[in-house]
Amino acid sequence: MFLKNKIPSLLVALLLIVASCKAQSKGISNAKKSSKQEHPSLILTKTGVENIKAQLGTVPLFDDTLAKVKAEVDASILNGIEVPIPKDYSGGYTHERHKRNFLILQKAGILYQIFDDEKYASYVKEMLLEYARIYPTLPVHPQTRSYARGKLFWQCLNDSNWLVYVSQAYDCVYNYLTEKERAHLEENLFKPFARFISVENPQFFNRVHNHSTWGNVAVGMIALVMDDAELLEIALHGLKTDNIDPNAKDNDGGFIKKKGQKVGFLANLEEPFSPDGYYTEGPYYQRYAMYPFLVFAEALQNVKPELKIFEYKDSVLLKSINTLLHLTDAKGNFFPLNDAQKGMSYYSRELVSAVNIGYFYGGNKTELLSIAKAQGEVSLDDAGLSVALGIRNGLETPFIKKSIDLSDGKNGDEGGVAILRTNSTKDALTLVMKYSAQGLSHGHYDKLSFSYYEAGNEVVQDYGMARFVNIQQKGGGNYLKENTTWAKQTIAHNTINQDETSHFGGDFETGSLHHSEKYLFDVSNPNIQVVSATETNAYPGTELHRTMVFIKDDSFENPYLLDIIKIHAESEHQFDLPYYYLGQLIAVNFKYTTPESLKPLGTKNGYQHLWSEAEGTSETGNAKISWLNKDRFYTLTSVVSNNDDLIFARIGANDPNFNLRRDAGFIIRKKNSKDTYFISVLESHGHYNPVSEAAVNAFSNIKKLDVVYSDDSCIALVIETESAGKSMFTFSFKDNSKNSTHQIKIEEKTYQWKGAYCLFHM
């Protein structure tokens, strides 16, 4: 067993010795005079390469990664070079071929540096020469959907991906190439490429958006390799032009640069990140943008250390790595806020690089090593080696995900995202409440929305985005029209909808002007964790205030979630609150009717995509539904009146191409209401064993949920359990000070508490 585990390391060491002997016997005949700038110097450095060579065969995680990469690149070399004429959307053959090319080129360049084997440098050279041959003749991409069409790909974004990776390959083989070969590549490929995605596409390059970050970094990376000060300036500060249509929209629905707005890499580092490291587009796109952000920062640190890029904006890039890791569930999947594909996780190549860079440049925070160990691979560079050494030496400590409140906006004053966790174990209950800014073009109209998890499983879901990334059969792998007609609309989220319209009328510009406001975030007591926020602009004349509380009570198997929404409106409206639960409905406590034929719940603003499967009312004051998900039982108990409509809905109406998931939802509807409340408790309880066919603790523990006091400033709720135990939760909507004293009178009895809230055991 010992020998078996050592085989990858021994193999790497043997390959290094053979390659070194081969290079020495040939005198490395193709090595040419170095330029005045040292190469490699972006993600690999000469010192770093020497350290890697010295450690080979002794660092298991690095050696294993290197062996896998070598096998992958060797197979690609055997298959030969293919540089097809572009024609496909993402997911199509030519798209995927060029994508694979840039990934393999970067890896081949690294292997050349580590093994001194010129077959890797030759492979990089020959492919780059082939690209240099066809690039001057390429028109813009034949697919016309993008606001900024690329040449190799259907959009400039993917062209920028190519240049970010290929710049690293060029850096690694720079000294292998002759001066004439370098001049040819730069004049016929790299400089025209950089010009195309910048000067020729300012609507793409001069923005604050993840697209532009990739563009800025692509130009900046190749500028560093070529030692081109002019290109580097463009990368850092953008083009000196305002000749862009201010009303122009990109294919995602986002607007282009506003006149006078700062642009370039530094602006993209300054504007979208909050001081906490939260990226306003959401964790899915933060993950995507982290690679260019961090790899360029690493390159700047190596080539231009005087910029002190990792210290920029109070080290926000390094903070953002920790923030992004907190924005994951127990399985490492990113919470699908805004446009997001579910299942994207910190196992992605972008996060492998991010964790390595964060450890290497962030003071060797040992908790990052536990993430890297779970990822099972490292980047093949200076940073990756340091992580692999730390793991080999047993330095890792657990990365503990705690309850956290993350601010949004450049200055941290544009709302935020709160995460409440009941404990730090794998089976933790997790609440994600979103009260942030719009999130640029990838934002959704979902103020004060939430999602809920147990053990990394979605229980009450955020839909995410309507897109099948890189699956050609589904709209070329691009965003589907249902992303606009459903996924972005307010009714697609677990939050308040007024009069079957979306927040801000579904208008991007209006939504971008506003954000929700934090009222309270308090996790000082692990038994009562509270987040509370307000929204006053989503619907003119209507104020929304949502408070969500995790309460640990010994009479309940698990902590329960209390959800309080207070609405104040100047005139009467219809208010809908959906809960998109995942799992099989088990039981309800009210009567309902099912239609003979299904009809959509509405005609627009997302309602046209909801089938109305059943409707009912409750005369008991409480509506209760229970469902089974991943062998766990869940029950939602809500305070309702006999005038409230209780609707069972299912996504999928007006969807002839089956682009939407057929997920279920439960909607509480209050009609002709001005000042009103939505009050609910969500329980996690019991389990079902399909082998023994035994259901344990399958019933709700709540006998009654009741509002016993309410006025404009305070509310009091009583939760009565099946064992006749009672507790009362009180909350102040007007004063969130920890030092303020509040007093209410219920049935001739006075209750007094200090601070915004209190839990009384009665």
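Rule-based calculations on the coordinates, nothing more; no lab input. As the structure is a computational prediction, the values presented were derived from the model and not from experiment. All Cβ positions, glycine included, derive from the backbone under ideal geometry; neighbour counts span all protein chains shown.
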As a test of the formula, what do you get for the chain when each DSSP H run with n ≥ 4 contributes -39,500 (n - 2.57) and the sum is divided by the residue count, at 222 nm and rounded to the nearest 500 deg cm²/dmol? -10000 deg cm²/dmol
Can you give me the long-range amide H partners of I715? Hydrogens built in the peptide plane at 1.01 Å from N, cutoff under 5 Å, separation of 5 or more residues or another chain. F731, F733
Sites K304 and L513, calculated FRET efficiency, Cβ-Cβ separation with R0 35 Å, nearest 0.05: 0.40
R0 = 35 Å: FRET efficiency of K402 with V707, Cβ-based, nearest 0.05? 0.65
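Extension gain E311-L78, at 0.36 nm per residue separation less the Cα-Cα distance, in nm? Write down the numbers at each step before the final one.
On the way: separation 233, 0.36 × 233 = 83.88 nm, distance 4.39 nm.
Separation in residues times 0.36 nm, less the Cα-Cα distance, equals 79.5 nm.
Work out the length of the dipole vector of the chain about its Cα centre, built from +1 on the beta-carbon of each Lys and Arg and -1 on the beta-carbon of each Asp and Glu, and round it to the nearest 20 debye. Mind dumping the intermediate values first?
Numbers: 80 positive and 90 negative charges, 338 e Å.
Once rounded to the nearest 20, the dipole reads 1620 debye.
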Putting +1 on Lys and Arg Cβ atoms and -1 on Asp and Glu Cβ atoms, find which of Y279, N302, L337 reaches farthest to the positive end of the dipole of the stretch 272-401. L337
Applied in sequence order to the stretch 356-372, the curve 6.51 cos²θ - 1.76 cosθ + 1.60 (Karplus, θ = phi - 60°) yields integer Hz couplings, x standing for Gly and Pro, of 5, 5, x, 6, 5, 9, x, x, 6, 6, 5, 5, 5, 5, 5, 5, 4
With unit charges on the beta carbons (Lys and Arg positive, Asp and Glu negative) and the dipole taken about the Cα centre of the stretch 594-673, which residue among G621, F666, N605 sits farthest to the positive side? N605
Roughly speaking, what is the centre-to-centre gap between the stretch 639-705 and the stretch 350-422 when only Cα atoms are used, to the nearest Å? 36
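Assigning unit charges at the beta carbon (Lys, Arg +1; Asp, Glu -1) and nothing else, what dipole magnitude in debye, to the nearest 20, does the stretch 272-401 show about its Cα centre?
Working: 12 positive and 14 negative charges, 45 e Å.
In total the dipole reaches around 220 debye.
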Karplus-derived 3J(HN,Hα), 6.51/-1.76/1.60, for each residue of the stretch 740-749, Hz, glycine and proline x: 6, 9, 10, 8, 9, 10, 10, 6, 6, 10
Trypsin sites (Lys or Arg not before Pro) restricted to DSSP loop in the stretch 31-90 with at most 11 other C-beta within 10 Å: K33, K36
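Could you tell me which of rounded, prolate or oblate describes the stretch 66-127, using a ≥ b ≥ c as the square roots of the eigenvalues of the alpha-carbon gyration tensor, with rounded for a/c under 1.5 and, failing that, prolate when a/b is larger than b/c and oblate otherwise?
Details: a/c = 2.60, a/b = 2.00, b/c = 1.30.
Since a/c reaches 1.5 and a/b is larger than b/c, the shape of the stretch 66-127 is classed as prolate.
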Residue among Q529, G505, T547 farthest towards the positive dipole end of the stretch 487-556, charges placed on Cβ: Q529
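Please state the shape class of the stretch 272-401: rounded when a/c is under 1.5, otherwise prolate if a/b exceeds b/c and oblate if not, all from the C-alpha gyration tensor. Intermediate values should be presented prior to the final figure.
Values: a/c = 1.70, a/b = 1.08, b/c = 1.57.
In terms of gyration-tensor shape, oblate.
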Going by Cα centres, the stretch 550-600 and the stretch 105-146 are how many Å apart? 55
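Rounded, prolate or oblate: which fits the stretch 633-762 when a ≥ b ≥ c are the square roots of the eigenvalues of the alpha-carbon gyration tensor, with rounded for a/c under 1.5 and prolate only if a/b beats b/c?
Numbers: a/c = 2.47, a/b = 1.48, b/c = 1.66.
Taking the square roots of the gyration eigenvalues as a ≥ b ≥ c, the stretch 633-762 is oblate.
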Could you work out the percent of alpha carbon pairs in the chain separated by over 35 Å, rounded to a whole number? 50
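Per the Kirkwood definition applied to all pairs of different Cα atoms, how many angstroms is the hydrodynamic radius of the stretch 47-152? Before the final figure, lay out the partial values.
Working: mean 1/r = 0.0641 Å⁻¹.
One over the average 1/r among Cα pairs gives 15.6 Å for the stretch 47-152.
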Quote the charge dipole size of the stretch 404-700 about the Cα centre in Debye, to the nearest 20; the model charges only the Cβ of Lys and Arg (+1) and of Asp and Glu (-1). 640
